[in-house]
Amino acid sequence: MSGAVACGHPATAAAAIEVLEAGGNAFDAVIAAQFAACVAEPVLASLAGGGFLLARPAQGEARLLDFFAHTPRAHLGSPEACYAIDADFGTALQSFHIGAGSIATPGSVAGMFEAQRAYASLPMTDLIQPAVWLAREGLSVNDFQGSIFDIVRPIYASVPGFESARTGHHLRTPALADSLEHLAREGPDLFYRGELGERLVRLCREQGGHLTREDLTAYRVIPRAPLAFEFGNARLLTNPPPSAGGVLIRHTLMALTGRAPDPVAVAQALAATLDARPSLLGASDQVSRGTTHISVVDGDGNAAAMTVSNGEGSGCLIPGTGIMTNNMLGEEDINPEGIGRWRPDRRLGSMMAPTLAVGDGWQAALGSGGSNRIRSALVQVLVHLLQEGCAPDEAIGRPRLHVEADLLSLEPGLDPERFLGRPGLPDAIQQWETESLFFGGAHLVRHFDNGRLEAAGDPRRGGVGRIIG
């Protein structure tokens, strides 16, 4: 099967390509890539995380599978089981909350099995095998993943198997390989009703977490109709409420409709959307931070955009499994009254916004990591792609900006003088010296009806694009 993949790690891409070469479709490939990402991008993706898949079969309607984290049904744990650490971003420190009390009900395993049931053509044993091999044989931690480990060193420094994880370290996770093999044979019940789930519940019970057996058995993947709208020369499909990312992207792009694709106009539209955010979103719970994205199209016209997250990881492995648990309950956004005051039994929303663009004779799949910068990264890539007619690599490579509160951040190549004194923009401007992962990591693939394929990964986040056929 011909196809294209763009994602955050060469090993993640290799898993997708292996499955395409074996005759799988785009959905087989994106599932295999996600399992591989749990091995190759372990701070960003995990079997105990969650995310969203936007799937558009060549024959059929597009659907959004919401397999994101869910808050526990009750506050049962100890307040001390969710505690703060400082992550070092070089230019600043940021507090993250981790520990057993930060673990929300995971959705990744349920999401992958539901996607395989609904859209895939190959058995799950075939789709998991590349990740099993990768976990058992190991891989060298590359520069980008090493930088992520450096940032969150306080989380992983005392986690067995990850103590020495840094650039150049050969990372092997044999316990995770075993867990993947067991899941392939036994299915999702192993995680939600069986031994893996029991170990997770025991971990929470012994270390002051909130999850119970009932939280796991009650978890469901939620199919949703994508948020759809027109922009430029395409129809866009993206993540609908309760998540925020798609709503904010639509609002920004609507403000840019009919305007010249100028960086100042983009900054003003982003700032206006930020001001309108309370009225657009209400009081829905949102989670941001550590994310990665996978985009796949195949030669038959199937398209998949998947964004996943494990937060930064809670620092707690499910015993004997190699599976790092999420720290979604430790997000300040979902605890407006203070850490530990999340609302029970609610599907969390997110800034994650896997997106499809459908034009005349072509379609593209894209998405980004980057926390609150997801919306600004995708807006700018879409403006370059749809209004300016850039190829994917140019659309991703153009310098970016981001508006947050009363600060405008600019990558090199954007002149601060152009933005000074402009209506609606902050007076404070930060000029970055280099491209940075701060500005997101957009990975984009495109398929044309004539068979032409394009793929581009974002160098800001170790991105790669590969094409076969």
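Please treat every number below as a calculation from the coordinates, not as lab data. Here the structure is a predicted model, which is why all the values come from computation and not from measurement. As a convention, Cβ positions derive from the backbone with ideal geometry for all residues, glycine included, and neighbour counts pool all protein chains shown.
Observations on the model:
- Relative contact order computed over the chain (Cα-Cα under 8 Å; 6+ residues apart), in percent: 23 percent
- Think of each Lys and Arg Cβ as +1 and each Asp and Glu Cβ as -1; about the Cα centre, that makes the dipole of the chain roughly 740 debye.
- Ordering of 333-343, 209-219 by packing is 209-219, 333-343, highest average first (other Cβ atoms within 10 Å, averaged per residue).
- Directionally averaged shadow of the stretch 31-143, computed from the convex hull of its alpha-carbon atoms, nm²: 10.3 nm²
- Additional length obtainable on full extension of the chain from residue 213 to residue 276, 0.36 nm per residue less Cα span: 18.7 nm
- Going from the residue with the fewest nearby Cβ atoms within 10 Å to the one with the most, 294, 155 rank 155, 294.
- Tail weight of P(r) past 32 Å, computed on alpha-carbon pairs of the stretch 3-463, percent: 33 percent
- For the stretch 351-469, the mean projected area of the C-alpha convex hull, equal to one quarter of the hull surface, is 7.9 nm².
- Rough spin-label spacing in nm, given labels placed 7 Å along Cα→Cβ, for residue 78 and residue 150: 3.5 nm
- Highest mean packing first, where packing is the average number of other Cβ atoms within 10 Å per residue, the peptides 247-254, 433-440 line up as 247-254, 433-440.
- Between the alpha-carbon centres of the stretch 9-28 and the stretch 396-448 there is a gap of 33 Å.
- Residues of the stretch 380-414 with amide N under 13 Å of a point placed 7 Å along Cα→Cβ from residue 450: none
- Integer Hz, Karplus 6.51/-1.76/1.60 couplings in order for the stretch 290-301, x for Gly and Pro: x, 9, 9, 9, 9, 10, 9, 10, 10, x, 8, x
- Residues residue 167 and residue 406, FRET efficiency given R0 of 41 Å [Cβ-Cβ distance, rounded to 0.05]: 0.70
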